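The values are calculated or read from the model by the stated rules, or taken from the named source; none is laboratory data. Keep in mind the model is a prediction, meaning the values are calculated, not measured. All Cβ positions, glycine included, derive from the backbone under ideal geometry; neighbour counts span all protein chains shown. Areas reflect the complete protein model, heavy atoms only, side chains present, ligands, DNA and RNA absent. Shrake-Rupley method; radii C 1.70, N 1.55, O 1.52, S 1.80 Å.
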Amino acid sequence: DQAGQRLLAAGYPMVRLGALYLDLNEVERAQQLIPEGVEQCHQWGHPGFLSDAYLSQFNLSLLRRDLGVAEQYLAKLDSLIHSAHLDVKQLAHVDGCQIVLWQVAEDWRSLAGWIKENPWSGGSDIVYIHHVLVALNYARAVIYAGIAHPARQSIEKGLQVLERLPAEIGKTRWLKLRVQTYVLQAVGFQALEKGSQAVEALHEALKLSQAAEYVSPYLSDANCVVELLRGADYSGISSTYLEKIFRAENQRKSRTRVSHIQRERKLLETSHIGLVEPLSDRELEVLRLLMTSLTSTEIAAELYISVSTVRTHIKNIYSKLGAHKRLEAVQLARDLGLL
């Protein structure tokens, strides 16, 4: 404005630029833009722009392995979408975020619950972006569920869904979705020990992403992807670009190690609390249900108690474990051997 202060409308381009830096794995530059952009969008109050802001903050937190913060912004995004009645594309984004969060946290039980509640009909044409997102979400869920608890049929089902996507996405300019599809195919083929098909799929992804130097599509599946990248020759792909992906994976591992160290420190702090004040039988029942995607209202119905009682139990669980968020409480409980 005339006083040299950023207009509230600047929040959205700040968020979008920050999201681009995330795709390039320039995390520090993204960190300089996204949080301030989120605050600007929040003050402006435009629900569509604010939803994109929350999505970018989620992705930043996830890449930094701040899982508690990521869960917090996912909850904000979910609440905003339902209160503002935003479009189905945004709902698909929420599911996608939740699936990746479960994948990173290795919460396979919640992932299995989501798959059961969201069966893939496969009958409709995949022509709009939300169709693509729904299909990609389902494929990711069943492939990783099949890898976690070896089930060849589950992985094959995910690959069958993915087979339908490249042709449809190819008619559009959805570059990142095309790359994600091929990367996920590579993960599925590798899990089925179909190495040549995995390399072929990954090569297609690299050919698409090289010009833009995208890195982020490879990081959510990094363990498998780096193994494939080091074990094959990708003609036409710049060695400089491949090295950029390797460096990003090393940084991801470093952030993960730091996150584990912080969680171990938290565990040491909470172990004493847990010994002094153990969870009651009812609190343990509620804690087990926190591993699922059930809301407080649904947990109350499951246990035949009031919603306010459930909330009291959750508050007590957080206090005794030293947690602040649902995902953090579940992870700490796992580390303590309570689950």
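Answer with yes or no whether GLU200 is free of Cβ contacts under 8 Å to residues at least 24 places away in the same chain and either surrounded by fewer than 16 Cβ atoms within 10 Å (Cβ to Cβ) or part of a helix (DSSP H, G or I) (or both).
yes
Yes or no: TYR182 farther than 25 Å from LYS325 by Cβ, open to solvent by less than 50 Å² (accessible area, probe 1.4 Å), within 19 Å of the chain's Cα centre (by Cα) and at pLDDT 90 or above?
yes
When PHE189 is evaluated against the numbered criteria (1) touching a Ser or Thr at 6+ places or on another chain (Cβ under 9 Å); (2) closer than 22 Å to TYR21 by Cβ; (3) of a type outside the set (Ser, Thr, Tyr); (4) modelled with pLDDT of 90 or more, which criterion, by number, is the only one it fails?
So PHE189 meets the others, but not (2).
So THR270 ticks every box in (1) assigned to a helix (DSSP H, G or I); (2) surrounded by fewer than 16 Cβ atoms within 10 Å (Cβ to Cβ); (3) at pLDDT below 80 but one. Which box is left unticked?
(2)
Of all residues being modelled with pLDDT of 85 or more and open to solvent by less than 50 Å² (accessible area, probe 1.4 Å) in the range 291-306, which is nearest to the chain's Cα centre (by Cα)? Just the residue, please.
SER296
Just one of (1) surrounded by 16 or more Cβ atoms within 10 Å (Cβ to Cβ); (2) more than 17 Å from the chain's Cα centre (by Cα) trips up ASP87, so point out which.
Unmet for ASP87, out of (1) surrounded by 16 or more Cβ atoms within 10 Å (Cβ to Cβ); (2) more than 17 Å from the chain's Cα centre (by Cα): (1).
Return the residues of the range 307-323 that are open to solvent by 50 Å² or more (accessible area, probe 1.4 Å) and in contact (Cβ under 8 Å) with a residue 12 or more places away in the chain; say none if nothing qualifies.
Once the filter is applied, which keeps residues that are open to solvent by 50 Å² or more (accessible area, probe 1.4 Å) and in contact (Cβ under 8 Å) with a residue 12 or more places away in the chain, the range 307-323 yields ARG311, ASN316.
Please work out which residue is farthest from ALA92 (Cα to Cα), limiting yourself to the range 112-131 and to residues that are modelled with pLDDT under 75 and either open to solvent by 50 Å² or more (accessible area, probe 1.4 Å) or touching a helix residue (DSSP H, G or I) at 6+ places or on another chain (Cβ under 6 Å) (or both).
So the residue we want is GLY123.
How many residues does the range 146-179 hold that are surrounded by fewer than 21 Cβ atoms within 10 Å (Cβ to Cβ) and not basic (Lys, Arg)?
17
Just one of the numbered conditions (1) under 20 Å from the mean Cα position of the chain (by Cα); (2) within 13 Å of LEU192 (Cβ to Cβ); (3) open to solvent by 10 Å² or more (accessible area, probe 1.4 Å) is not true of ILE143; which one?
The one condition ILE143 does not meet is (3).
Of the residues in the range 324-339, how many are touching a residue at least 40 places away in the same chain (Cβ under 8 Å) and small (Gly, Ala, Ser)?
So the count comes out to 2.
This table checks each residue for (1) farther than 24 Å from ASN59 by Cα; (2) charged (D, E, K, R).
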{"position": "LEU159", "(1), (2)": "yes, no"}
{"position": "TRP174", "(1), (2)": "no, no"}
{"position": "ARG178", "(1), (2)": "no, yes"}
{"position": "ALA186", "(1), (2)": "no, no"}
{"position": "ALA201", "(1), (2)": "yes, no"}
{"position": "LEU208", "(1), (2)": "no, no"}
{"position": "VAL215", "(1), (2)": "no, no"}
{"position": "LEU219", "(1), (2)": "no, no"}
{"position": "GLU243", "(1), (2)": "no, yes"}
